[in-house]
């Protein structure tokens with residue numbers, strides 16, 4: 001697992017930045033896939049803020065995963081996407097885009113899961129330099145999950161059990177293990193502490 005110091009050191013990291021122009025065809029596709037009519041006055045559909053800030057600041061989703069030392073694409077969870085619109089984005093207007101990391105912390109969940117919370121901050125400026133939109137993306141990078149450890153640790157026992165126990169007993173134990181993995185031992189047995 002990546003060290004907490006490396007994660008905290010990400011605060012202040014800036015992406016190269018750059019420019020992005022939403023073309024008419026791109027806006028049409030985003031508008032069409034959401035099932036609405038095109039917006040008036042060549043305004044860009046709000047869903048463009050999913051990708052425009054990332055690509056415009058010369059980064060990618062893959063790089064955002066790598067910079068946070070994601071252990072795989074399935075180890076990312078989304079906390080939030082926050083968008084602020086100060087003025088509508090327009091088709092065929094070139095916007096300057098900046099991006100940086102503003103928060104990076106190691107966290108521990110209620111069930112003992114360790115994860116890193118990283119926040120990305122992007123801003124879009126029109127050709128006159130006026131702030132047009134802001135996108136704040138916060139992801140969780142999952143590190144240690146005790147249910148996975150429990151399942152892996154119990155695997156040899158479950159294999160042994162399949163050979164020796166009758167099916168009704170085996171099914172009950174497998175159900176208990178699955179329930180423990182899904183809702184957690186702490187919620188099933190709240191009076192007993194699990195320790196660190």
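Numbers for the structure displayed
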| quantity | calculated |
| --- | --- |
| Some residue of region 76-99 being free of Cβ contacts under 8 Å to residues at least 40 places away in the same chain and either surrounded by fewer than 17 Cβ atoms within 10 Å (Cβ to Cβ) or not assigned by TED's automatic domain parsing to the domain that holds residue 123 (or both) | no |
| Sole residue being assigned to a strand (DSSP E or B) and modelled with pLDDT of 75 or more, chosen from 110, 79 | 79 |
| Test: residue in region 22-40 that is modelled with pLDDT of 95 or more and surrounded by 15 or more Cβ atoms within 10 Å (Cβ to Cβ) | yes |
| Lone qualifier among 2, 11 - being in a loop (DSSP other than H, G, I, E, B), modelled with pLDDT of 95 or more and under 22 Å from residue 67 (Cα atoms) | 11 |
| Filter pass, residue 103 being under 21 Å from the mean Cα position of the chain (by Cα), assigned to a loop (DSSP other than H, G, I, E, B) and at negative phi | no |
| Conditions (1) surrounded by 15 or more Cβ atoms within 10 Å (Cβ to Cβ); (2) in a loop (DSSP other than H, G, I, E, B); (3) modelled with pLDDT under 95: number failed by residue 58 | (3) |
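The values are calculated or read from the model by the stated rules, or taken from the named source; none is laboratory data. Please read these numbers as outputs of a predicted model, since none were measured by experiment. Cβ: placed from backbone, ideal geometry, glycine included. Neighbour counts: every protein chain shown.
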